[in-house]
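Right, one structure below, let's go through it.
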Amino acid sequence: MKELGIIRRLFYRDHLSLSEIERRTGLTCKTIRGWLKETEGTVPTYRRQRIADSKLTPFAELLTKALETDLHRPKRERRSALKLFAELKAAGYTGSYSRVTDYIRQWRVQGGATRGRAFVPLQFELGEAFQFD
């Protein structure tokens, strides 16, 4: 919202060209033009399109199994997203690397990275957690 106000002020009040606003703000001319076309009071948002059936769908089970097996490995022996992507490519995946990283990120957010771990609260009664000789 702050950038939108700056762009409008530079264009309408200071009468700067789009290319000058582009230089000052670091935004592209296309973005600035789109924001200026918006009605006043509207906040521009990025709308990413969701694809229900992507190229990764047939390989999702394979990727999930690989992530779950990596959970039981020591941290240094776990495969990176790039290595998992290479394995999927070898299995016949033709999609992009960003789809794989999006899937891994979503899997971790949904609790995939914490499966199998126990939570032990560190609250003790008075004198219970101390050793006295």
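The values are calculated or read from the model by the stated rules, or taken from the named source; none is laboratory data. Here the structure is a predicted model, which is why all the values come from computation and not from measurement. Reconstructed Cβ throughout: ideal geometry from the backbone, glycine too, with neighbour counts over all protein chains shown.
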Point to revise | Those helices (runs of 4 or more DSSP H) lying entirely in the stretch 60-121 with at least 1 residues over 20 Å from the mean Cα position of the chain (by Cα), hydrophobic (A, V, I, L, M, F, W, C) and surrounded by 11 or more Cβ atoms within 10 Å (Cβ to Cβ) | key: 60-71, 81-91
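Going through 10, 36, 27 one at a time, which residue ends up being more than 30 Å from residue 90 (Cα to Cα), at pLDDT 85 or above and assigned to a loop (DSSP other than H, G, I, E, B)?
Exactly one residue qualifies, and that residue is 27.
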Study note, to complete from the structure: Here the qualifying pairs (Cβ atoms under 9 Å; residues six or more apart or on different chains; first in the stretch 54-69 and free of Cβ contacts under 8 Å to residues at least 60 places away in the same chain and more than 14 Å from residue 94 (Cα to Cα); second part of a helix (DSSP H, G or I) and basic (Lys, Arg)) come out as 67/108
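If I filter the stretch 43-59 down to residues being exposed (fewer than 10 other Cβ atoms within 10 Å of the Cβ) and closer than 30 Å to residue 2 by Cβ, which single residue comes out as farthest from the chain's Cα centre (by Cα)?
Quick first cut of the stretch 43-59, residues exposed (fewer than 10 other Cβ atoms within 10 Å of the Cβ) only: 43, 45-50, 52-53.
Now restrict to residues that are closer than 30 Å to residue 2 by Cβ: 43, 45-50.
Values: 43: 22, 45: 16, 46: 14, 47: 14, 48: 12, 49: 14, 50: 14 Å.
It comes out as 43.
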Point to revise | Cβ pairs under 9 Å, 6+ apart, first in the stretch 24-35 and touching a residue at least 24 places away in the same chain (Cβ under 8 Å), second of a type in the set (Asp, Glu) | key: 27/3; 32/22; 35/3
